Amino acid sequence: MTAHDHNHDHDDEHGSELSETQLRVRALETILTEKGYVDPAALDAIVETYETRIGPRNGAVVVAKAWTDPAFRQALLSDATKAVATLGHVSKVGDHLVAVENTPERHNMIVCTLCSCYPWEVLGLPPVWYKSAPYRSRAVKDPRGVLADFGVELPKATEIRVWDSTAETRFLVLPMRPAGTEGWSEERLADLVTRDSMIGTGLARKPGELAQ
Amino acid sequence: MSRREIAKVIPGLPHDAEGPVFREPWEAQAFAMALALHGRGLFTWPEWAATLAAEIRNAQEAGDPDTGETYYRHWLNALERLVAEKGVADAKTLARYYDAWDHAADRTPHGAPIELRPDDFK
């Protein structure tokens, strides 16, 4: 439905111009608003929520809690949807959130080979590379190579498990807690948790890597 | 200002090395419309994901390098398709509003907010 054949006779000196895509979005929004399907104010609120309120920070809080609270860790690993909900995060899309735990024996990485499903409620919106075909195809075929591109080298003995997300099930990686963080508060630990470490294309920061 | 410094000023803003998650306002609008329609029950999330996946596949077959930059284009295609399939607005209606917005843009002085008026529909 992208082919719109129009003979534009724009006068750029005086008029305004909207791109083909902008026109399509405006057309759709106007129709949906007129028919009562959407409310422009509600759309703005959704954008604001996902752009600023929900972000990788939510996931970082979840991970830091799992690192310090064994009961929460257990709850997270058995039913992440429920455990995350107890922290008051919204989960409007998709049914299941599954947390997969990194160990010295196994490193987990997430991908959505079909359509870039992503654990939005804990990580916000996906980065561009997550949505790219090269990542989607290579993550499955050559996870170690992808990790190398991200600057991560794991011991040869560590198995790499790649989880393919679906509309029903999305994954969150529970990274390993860095050494030298004994006695740290949840808040301080959360600063070590990067978005990429929860996708599995990175590791949690070491204490020395924190910006001073 | 480095990325980490920005993150400190605006905590939780999901930036990455390649910039903000939405590159243009229309991407955010398209994103929000899908969530709003899903929230309203127009389609289920599996229906949405299947349609989006099909649009991505179509685009790839048509030669889209699919590097993530065009993701919200596929998203918009999926949205238009589902809205048509669910009987909310067919291609003809979409085209009529498209033309009306185009007309509104043409008659709006550069820099002024573009608003739709009844006489934009010819």
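The values are calculated or read from the model by the stated rules, or taken from the named source; none is laboratory data. Treat the numbers as computed from the prediction; the structure is a model and nothing was measured. Virtual Cβ from ideal backbone geometry, glycine too; neighbours counted across all protein chains shown.
Between a residue in the range A:129-144 that is free of Cβ contacts under 8 Å to residues at least 24 places away in the same chain and surrounded by 14 or more Cβ atoms within 10 Å (Cβ to Cβ) and any residue that is in a helix (DSSP H, G or I) and not hydroxyl-bearing (Ser, Thr, Tyr), which pairs come within a Cβ distance under 7 Å, given they are 6 or more apart or on different chains?
Hits for this filter: A:Ala133/B:Gln60; A:Arg138/A:Gly145; A:Arg138/A:Val146.
Which of the residues spanning the range A:170-194 are within 14 Å of chain B (Cβ to nearest Cβ) and either of a type in the set (Phe, Trp, Tyr) or buried (at least 16 other Cβ atoms within 10 Å of the Cβ) (or both)?
A:Arg170, A:Ala190, A:Asp191, A:Leu192, A:Val193, A:Thr194
Going residue by residue through the range B:21-34, is there one that turns out to be assigned to a loop (DSSP other than H, G, I, E, B), of a type in the set (Phe, Trp, Tyr) and modelled with pLDDT of 90 or more?
Scanning the range B:21-34 turns up no residue that is assigned to a loop (DSSP other than H, G, I, E, B), of a type in the set (Phe, Trp, Tyr) and modelled with pLDDT of 90 or more.
Go through (1) modelled with pLDDT of 90 or more; (2) buried (at least 18 other Cβ atoms within 10 Å of the Cβ); (3) acidic (Asp, Glu); (4) more than 24 Å from A:Ser16 (Cβ to Cβ) one by one and return the number of the condition B:Asp66 breaks.
(1) is the only condition that B:Asp66 fails.
Taking the range A:178-212, which residues are among the aliphatic types (A, V, I, L, M) and under 21 Å from the mean Cα position of the chain (by Cα)?
Once the filter is applied, which keeps residues that are among the aliphatic types (A, V, I, L, M) and under 21 Å from the mean Cα position of the chain (by Cα), the range A:178-212 yields A:Leu189, A:Ala190, A:Leu192, A:Val193, A:Met198, A:Ile199, A:Leu203, A:Ala204.
Considering each of A:Glu121, A:Glu187, A:Glu168 in turn, give the residue that is of a type in the set (Asp, Glu) and at pLDDT 90 or above.
A:Glu187
In this structure, is A:Leu210 of a type in the set (A, V, I, L, M) and over 21 Å from A:Thr81 (Cβ atoms)?
Considered against the rule, which asks whether it is of a type in the set (A, V, I, L, M) and over 21 Å from A:Thr81 (Cβ atoms), A:Leu210 comes out as yes.
Return the only residue of A:Val122, A:Val62 being out of contact with any Ser or Thr (no Cβ under 9 Å at 6 or more places or on another chain) and assigned by TED's automatic domain parsing to the domain that holds A:Ala157.
A:Val62
Check A:Ala75, A:Ala99, A:Ala139 and return the single one that is modelled with pLDDT of 85 or more, part of a helix (DSSP H, G or I) and within 28 Å of A:Arg188 (Cα to Cα).
A:Ala75
Any idea which of (1) in contact with a helix residue (DSSP H, G or I) (Cβ under 7 Å, 6 or more places away or on another chain); (2) more than 24 Å from A:Thr68 (Cβ to Cβ) is the one A:Glu186 doesn't satisfy?
The one condition A:Glu186 does not meet is (2).
If I ask for residues that are farther than 17 Å from A:Leu18 by Cβ, in a loop (DSSP other than H, G, I, E, B), at the interface with another protein chain (Cβ under 8 Å from one of its Cβ atoms) and not β-branched (Val, Ile, Thr), which ones from the range B:73-122 would you list?
If the condition is that a residue be farther than 17 Å from A:Leu18 by Cβ, in a loop (DSSP other than H, G, I, E, B), at the interface with another protein chain (Cβ under 8 Å from one of its Cβ atoms) and not β-branched (Val, Ile, Thr), then B:Ala89 is the only one that fits.
Would the range A:117-136 turn up any residue that is in contact with a Leu (Cβ under 8 Å, 6 or more places away or on another chain), among the hydrophobic types (A, V, I, L, M, F, W, C) and not in a helix (DSSP H, G or I)?
Among the residues of the range A:117-136, not one is in contact with a Leu (Cβ under 8 Å, 6 or more places away or on another chain), among the hydrophobic types (A, V, I, L, M, F, W, C) and not in a helix (DSSP H, G or I), which makes the answer no.
Taking the range A:37-87, which residues are within 14 Å of chain B (Cβ to nearest Cβ), over 17 Å from A:Glu121 (Cα atoms), buried (at least 18 other Cβ atoms within 10 Å of the Cβ) and charged (D, E, K, R)?
Hits for the range A:37-87: nothing passes.
Which number in (1) within 7 Å of chain A (Cβ to nearest Cβ); (2) of a type in the set (S, T, N, Q); (3) outside any loop (DSSP other than H, G, I, E, B) marks the one condition that B:Asn58 misses?
(1)
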